[in-house]
There are 2 protein chains.
Amino acid sequence: MSDDDHILLAHGGGGQLTAELIRQVILPALGPACRQEPTRLTDSAQVGLAGGPVVFTTDSYVVKPLEFPGGDIGKLAVCGTINDLAVAGAQPRAISLALVLEEGLEIELLRRVLVSAGRAAHDAGVTIATGDTKVVERGAADGMVINTAGVGTLLKGAEVGFDRIAPGDRIIITGPLGEHGMAVMSRREGLGISADLASDCAAIHELSAALVGELGPAVHFMRDPTRGGLAATLAELADAAGCDIEIAETAIPVNPTAQAVAEMLGLDLLAAANEGKLLAVIAPEAAERAVSVLAAFPLARRAAVIGQVTRRSDYPLVEMLTRAAGRRVVQMPYGEELPRIC
Amino acid sequence: MSDDDHILLAHGGGGQLTAELIRQVILPALGPACRQEPTRLTDSAQVGLAGGPVVFTTDSYVVKPLEFPGGDIGKLAVCGTINDLAVAGAQPRAISLALVLEEGLEIELLRRVLVSAGRAAHDAGVTIATGDTKVVERGAADGMVINTAGVGTLLKGAEVGFDRIAPGDRIIITGPLGEHGMAVMSRREGLGISADLASDCAAIHELSAALVGELGPAVHFMRDPTRGGLAATLAELADAAGCDIEIAETAIPVNPTAQAVAEMLGLDLLAAANEGKLLAVIAPEAAERAVSVLAAFPLARRAAVIGQVTRRSDYPLVEMLTRAAGRRVVQMPYGEELPRIC
């Protein structure tokens with residue numbers, strides 16, 4: 001192991017070595033998504049956000065392993081923050097990228113992760129506007145932690161919020177559940193089925209923009225069901241809206257490999273993380289249209305109505321009509337079924 | 001040790017325990033800086049940023065120890081991001097707060113840090129608009145890592161940038177150097193002189209706003225000399241502006257305790273981190289006025305002109321006229337003189 005190939009504590013000192021790491025590794029790897037001149041770095045950036053309210057979000061990523069089928073921590077961080085802006089009804093405009101690196105991290109791995117982050121941002125038309133790099137000693141972080149914050153501008157016609165959810169609204173999901181969670185777990189557990197199962201990690205802002213563009217205020221609420229999966233998202237939604245929700249198991253799109261992995265590991269796909277799915281709550285008269293708008297995108301070709309908001313309730317409940325025609329309560333997961341999943 | 005008093009991996013699962021941690025510990029501790037309703041949390045927030053360009057910044061904090069004389073990681077993170085916006089000529093408006101917590105962290109320590117963060121934001125009139133909480137297993141982080149990103153709006157009359165620095169410009173610093181670095185190091189090394197030396201950790205946006213408000217475009221450049229200290233800031237500034245810089249050792253305000261600690265540890269105060277100092281580059285005719293504007297604030301009562309930009313140069317150099325009437329080259333620190341200082 002050569003020192004040149006690995007992160008040193010000294011790379012985090014804010015001196016010459018930090019500058020070299022940024023100029024020689026970080027900025028070139030990020031590529032065109034990063035519009036900073038390669039030799040000039042400031043701690044902040046001006047972003048053009050003329051007109052309309054600004055939406056602001058942040059997420060730290062601690063996924064383990066750092067690379068997994070279908071993505072890596074870099075792509076995950078960029079897409080995750082784009083998606084948080086997207087489901088708030090915003091057009092993502094700029095993101096920040098802050099790295100906490102562990103001493104000894106392979107620089108080649110860092111480079112791969114950043115190339116992937118830069119490509120994800122560029123493909124989505126989002127600028128990586130500002131960043132930060134810290135290094136901690138061996139054992140004080142697990143390879144790396146990435147934080148991305150993001151700013152975007154509210155889309156014209158976007159009126160989404162818990163308070164707009166009403167009985168009768170349809171619940172739409174854009175594809176099969178749990179692929180991210182199961183892909184990461186199968187790699188972590190060494191299940192050796194990587195070829196058949198990849199994370200769904202993707203930016204979904206085109207889906208949300210199309211929905212808002214076509215249906216305007218008929219889009220009542222959007223969310224990306226990440227940590228805690230569909231179960232956590234629906235439980236939160238029911239609680240926040242003060243409404244019962246009913247979904248049909250047979251209506252939920254399934255990836256058979258993800259399903260098999262979940263059964264093998266004793267996990268519930270409903271509570272598994274997704275990183276490229278949109279959950280939308282749509283006014284009943286617009287639901288059919290929403291599905292066809294979404295299904296036009298390859299990312300959402302299996303979009304389906306999976307249930308509806310049924311009634312106002314003081315004790316909001318999410319219920320699932322099972323395949324066997326029974327009823328099951330879908331609960332907010334209690335704690336950490338799948339640690340370090342994002 | 002009771003489970004109730006410490007962070008569990010399950011606190012990071014995105015389920016009920018995560019929600020409880022946020023509602024019962026995080027939001028109450030952050031206090032009025034955090035305008036979210038205590039029972040309703042979304043992944044993003046709208047921030048009002050009408051008119052003018054938006055400035056965007058991010059920083060992760062890995063300081064060790066988490067609490068030190070004069071501050072803690074929470075106050076440091078909030079002030080650090082406010083300051084990055086301030087030196088860009090912006091009015092800080094909203095920040096995000098993303099926590100990566102290590103399993104086993106005392107919840108009481110988390111609470112203290114968040115109370116401190118919330119107070120710092122509130123005192124500065126800045127909203128904590130959005131956040132994120134992740135938990136990693138024991139040994140995968142050092143207590144906690146905090147990332148704060150921030151957005152602000154450019155102040156009227158602010159025209160700061162490397163390209164505005166010109167020969168003749170005066171270099172002003174608002175007080176003695178290295179107090180943050182030396183306070184953290186003395187606590188870490190157990191020097192037992194905490195009573196005499198505290199970090200200068202503070203929000204400096206009122207200083208920068210007063211300068212811009214009073215002097216407008218005569219303020220050519222501003223920076224907070226954090227990691228790498230004055231040495232790194234001046235070296236970067238000389239390099240970016242393509243100019244030589246000369247400073248006078250006798251003009252630099254000194255804290256004798258910080259000086260003594262630096263000598264004891266064999267460190268250079270010029271390269272030590274500051275967390276509440278403003279370095280300003282000012283047009284020569286406005287320099288005297290700038291000092292008197294700054295000195296009206298308790299935080300900057302020892303503000304002084306410490307040197308000037310001398311000439312354009314192809315090989316820009318920072319030189320210090322020493323107390324002994326010699327000359328010393330002030331270099332960009334190479335690597336990590338003071339690891340985990342912020």
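The values are calculated or read from the model by the stated rules, or taken from the named source; none is laboratory data. Since we're looking at a predicted model, the values are computed, not measured. Counting neighbours? That spans all protein chains shown, and the Cβs are built from the backbone with ideal geometry, glycine included. Note: accessible area is taken over every heavy atom of the protein model, side chains too, but ligands, DNA and RNA are not part of it. Shrake-Rupley method; radii C 1.70, N 1.55, O 1.52, S 1.80 Å.
DSSP bridge analysis restricted to the protein assembly as shown gives an antiparallel fraction near 80%, rounded to the nearest 5. The C-alpha atoms of chain B define a longest principal axis, and helix B:205-215 lies at about 40 degrees to it. Solvent exposure of segment A:233-275 amounts to 31 Å² per residue of accessible area, where only protein heavy atoms count and the probe is 1.4 Å.
Over segment B:162-329, all Cα pairs binned in 10 Å intervals from 0 give whole-percent P(r) values of 11, 40, 35, 13, 1, listed from short to long. Alpha carbon centre of segment B:173-251 versus segment A:170-209: separation in Å? Rounded to whole Å, the Cα centres lie 47 Å apart. Out of the total accessible area of chain B (probe 1.4 Å, heavy atoms of protein only), what percent is carbon and sulfur? For chain B, the apolar C and S fraction of the accessible surface comes to 49 percent.
With N the number of residues in chain A, Rg(Cα) / (2.2 N^0.38 Å) evaluates to 1.03. Under a Gaussian network description of chain B, with springs only between Cα atoms under 10 Å, the residue in B:ALA210, B:ALA231, B:ALA90 that fluctuates furthest is B:ALA210. The angle between the Cα long axis of helix B:256-265 and the main principal axis of chain B comes to about 80°, on a 0 to 90 degree scale.
Helical runs assigned H by DSSP (4 residues or longer) give the protein assembly as shown a calculated mean residue ellipticity at 222 nm of -8000 deg cm²/dmol, each run adding -39500 (n - 2.57) before division by the residue total.
Plainly put, the tip 7 Å out from Cα toward Cβ on A:GLU189 is 5.1 nm from that tip on each other copy, the closest given first. Which residues does a label at A:ARG112 reach in segment A:198-228, if reach means a backbone N under 17 Å from a point 7 Å past the Cα toward the Cβ? In segment A:198-228, the label zone of A:ARG112 (backbone N under 17 Å from the point 7 Å along Cα→Cβ) covers A:198-199. In the assembled protein chains, B:HIS205 presents an accessible area of approximately 20 Å² (probe radius 1.4 Å). Within the same chain, lysines fewer than 8 places from A:LYS75 are excluded, and of the rest, those with a Cα less than 20 Å from its Cα are A:LYS64, A:LYS134, A:LYS277, B:LYS134. These residues, B:THR257, B:THR133, go from largest to smallest accessible area, 1.4 Å probe, as B:THR257, B:THR133. A 1.4 Å probe over all protein chains sorts A:SER60, A:SER292 by accessible area into A:SER292, A:SER60, starting with the largest. Each copy carries A:ALA295; placing its label point 7 Å along the C-beta direction from Cα gives inter-copy distances of 7.6 nm, listed from smallest up. Only bridges with both residues in segment A:162-329 count here: give the DSSP antiparallel percent, nearest 5. So the antiparallel bridges amount to about 85 percent of the total.
In the Gaussian network model of chain A, springs joining C-alpha atoms below 10 Å, which of A:GLY74, A:GLY326, A:GLY229 carries the largest mean-square fluctuation? Checking each option, the largest mean-square fluctuation is seen for A:GLY326. Global size of the protein assembly as shown: 25.6, 91 Å for Rg and Dmax (C-alpha atoms, Rg to one decimal, Dmax whole).
For the pair segment A:77-94 / segment B:102-134, the C-alpha centres are spaced 24 Å from each other. For the peptide B:131-144, the mean number of other protein chain Cβ atoms found within 10 angstrom of a residue's Cβ is 5. By how many degrees, between 0 and 90 and to the nearest 10, does the Cα long axis of helix A:73-87 differ from the longest principal axis of chain A? Long axis of A:73-87 versus the principal axis of chain A: about 40 degrees.
Quick one: net charge of B:MET332's neighbours, Cβ under 9 Å, K/R +1, D/E -1?
Cβ neighbours under 9 Å give a net charge of -2.
Using a 7 Å projection from Cα along Cα-to-Cβ, the label point at A:MET264 is separated from the same position in the remaining copies by 5.9 nm, smallest value first. Taking a quarter of the surface of the Cα convex hull of segment B:50-191 gives a mean projected area of 10.8 nm².
Normalised by the number of residues in chain B, the mean separation of alpha-carbon contacts (under 8 Å, six or more apart) gives a relative contact order of 22 percent. With both residues required to sit in chain A, DSSP beta bridges show an antiparallel share near 75%.
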